[in-house]
1. Looking at the range 159-202, which trypsin sites (Lys or Arg not before Pro) are DSSP coil and have at most 12 other C-beta atoms within 10 Å of their C-beta?
2. At most 14 other Cβ atoms within 10 Å and a DSSP loop assignment: could you name the trypsin sites (Lys or Arg not before Pro) in the range 1-68 that fit?
3. Which whole-number percent is the relative contact order of the range 21-125 (Cα, under 8 Å, 6+ apart)?
4. Of the listed values (i) 1.48; (ii) 1.04; (iii) 0.96, identify the label whose number matches Rg/Rh (Cα atoms, Kirkwood Rh) calculated from this model.
5. Straight distance only, please: which lysines reach the Cα of LYS187 with their own Cα at less than 28 Å, same-chain residues fewer than 8 apart left out?
6. How big is the accessible area of HIS73 in square angstrom, nearest 10, if you roll a 1.4 angstrom probe over the protein chains?
7. Amide H neighbours of PHE3 under 5 Å, counting only residues 5+ apart in sequence or on other chains, H built in-plane at 1.01 Å?
8. To the nearest 10 square angstrom, how much accessible area does TYR162 have with a 1.4 angstrom probe?
Amino acid sequence: MHFPPVKEQMDTLTRGVEKFINPDELEARLLQAEKSGIPLKVKLGVDPSHPDLHLGHAVVLRKLRQFQNLGHHAILIIGDFTAAIGDPTGRNKTRPHISLAEAREHGHSYVEQATLVLEQNDLEVVNNSDWLKQMDFAEVINLAARYTVAQMLERDDFNKRYKAGVPISVHEFLYPLAQAQDSIQLKADVELGGTDQLFNLLEIGRASCRERV
């Protein structure tokens with residue numbers, strides 16, 4: 001596989017990015033891809049909590065398309081299982097509960113809309129219920145044991161709700177762990193997401209690194 005020069009790739013991929021975690025590592029992985037000829041696996045997860053994507057999704061979808069244009073492999077995770085958990089990111093109250101069946105139905109619509117931006121012929125689409133639904137309770141406990149409540153309270157919205165006395169359900173702590181399991185499952189080289197997902201993406205990186213070690 002032939003890729004553009006790494007400097008050219010970095011110039012493209014860093015453009016228009018608000019938060020860039022560890023650019024040196026990305027450059028190293030791009031160099032490795034150049035040497036091996038193996039494209040990077042670039043993951044973007046979206047939770048189909050509503051029938052339609054919103055404008056914010058277009059930003060990260062366009063960045064994922066840039067990776068595709070540079071010859072890398074795009075993975076779109078439809079978070080049907082995590083949507084059913086309900087992510088409280090940026091909200092004072094928990095996200096309204098939807099069923100797994102509803103999330104899957106919305107997911108079909110998400111793929112149709114996302115492929116208006118992404119190159120469909122070089123896109124892998126997966127549902128995270130395929131692996132999360134299969135985990136037994138012992139596996140969930142093992143995943144949860146890697147973290148502390150103090151770590152979870154580092155997340156800004158959790159911290160604000162805790163200080164304000166707004167209830168936080170235990171299952172909400174499992175949401176970033178479920179996203180971490182997504183990356184462990186797919187062994188992604190690059191994670192994309194909105195700034196509201198920064199905490200989850202960082203927790204993903206920690207869990208993924210532990211798993212690979």
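1. Hits after loop and neighbour filter: LYS187.
2. Those satisfying the criteria are ARG15, LYS19.
3. 34
4. This structure yields the entry labelled (iii).
5. Answer for LYS187, where 28 Å is the Cα cut-off: LYS7, LYS19, LYS35, LYS41, LYS43, LYS63, LYS133, listed by chain and number.
6. Approximately 50 Å² of HIS73 is accessible to the 1.4 Å probe.
7. Amide H neighbours of PHE3, under 5 Å, 5+ apart: none.
8. 150
The values are calculated or read from the model by the stated rules, or taken from the named source; none is laboratory data. Here the structure is a predicted model, which means the values were calculated and not measured. Note that we place each Cβ from the backbone using ideal geometry, even for glycine, and neighbour counts take in every protein chain shown. Keep in mind that these areas ignore ligands, DNA and RNA; they rest on the heavy atoms of the full protein, side chains included. Shrake-Rupley method; radii C 1.70, N 1.55, O 1.52, S 1.80 Å.
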